[in-house]
Amino acid sequence: MSLRGAGRRSNLKHMNKQYYIYIMTNKTNRVLYTGVTNDLKRRVYEHKKKLVEGFTKRYNIGKLVYYEVCENVESAILREKQIKGGSRQKKIQLVNSMNKEWCDLYKEL
């Protein structure tokens, strides 16, 4: 059995992967959380069901209100840092640009 080309298939699989930057909030839209993942549906589910210890569990974060798609992990992490480094007002503007009603987008995934 030849392993020739196995690395290429692995790289192609990695190249087709998508990464997501997302913003979630609580029921009253007062607390914002920004994160990054390669499986948005799974990750939001984990937050909703309080399976993730930490900030989102403590502040009852369970509503997905914004997300973006990136083609590679490096750009996703850079974008997450950019959003996290911005003001609350900039995050609100981002959410409003995609989701003026601040509806839970989880149902659409």
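None of the figures in this text is laboratory data; all of them are computed from the coordinates on show. In this text, all values refer to a predicted model and were calculated from it rather than measured experimentally. Every residue, glycine as well, gets a Cβ built from its backbone with ideal geometry; the counts of neighbours run over all protein chains shown.
Shown for Glu71, Glu53: other C-beta atoms within 10 Å of each C-beta, ranked fewest to most, produce the order Glu53, Glu71.
Taking the convex hull of the alpha carbon positions in the chain and averaging its projected area over all directions gives 8.5 nm². Placing pseudo-labels 7 Å out from each Cα toward the beta carbon at Cys103 and Lys84 gives an inter-label distance of 3.0 nm. Any idea what the relative contact order of the chain is, in percent, if you count C-alpha pairs under 8 Å spaced at least 6 apart? Reported relative contact order: 30 percent. Only helices enter the 222 nm calculation for the chain: every DSSP H run of n ≥ 4 contributes -39,500 (n - 2.57), and dividing by all residues gives -12500 deg cm²/dmol, rounded to 500.
Note the angle between two axes, namely the Cα long axis of helix 88-98 and the longest principal axis of the Cα atoms of the chain, as a number of degrees from 0 to 90, rounded to the nearest 10. Approximately 70 degrees, to the nearest 10.
Which of Glu101, Glu80, Glu68 has the fewest other C-beta atoms within 10 Å, and how do the rest follow up to the most? Provide the component values of the computation, followed by the final result.
Values: Glu101 7, Glu80 20, Glu68 17.
In increasing order of surrounding Cβ atoms, one gets Glu101, Glu68, Glu80.
A simple charge model with +1 on the Cβ of Lys and Arg, -1 on the Cβ of Asp and Glu and nothing else charged puts the dipole of the chain at about 240 debye relative to its Cα centre.
Largest mean-square fluctuation among Tyr59, Tyr19, Tyr33, in a Gaussian network model of the chain whose springs join Cα atoms under 10 Å apart, belongs to Tyr59. State, to one decimal in nm, how far the label point of Val73 lies from the label point of Glu46, with both points 7 Å from Cα in the Cβ direction. Reported label-point gap for Val73 and Glu46 is 1.3 nm.
R0 = 35 Å: FRET efficiency of Lys57 with Asn16, Cβ-based, nearest 0.05? For R0 = 35 Å, the calculated efficiency reads 0.65.
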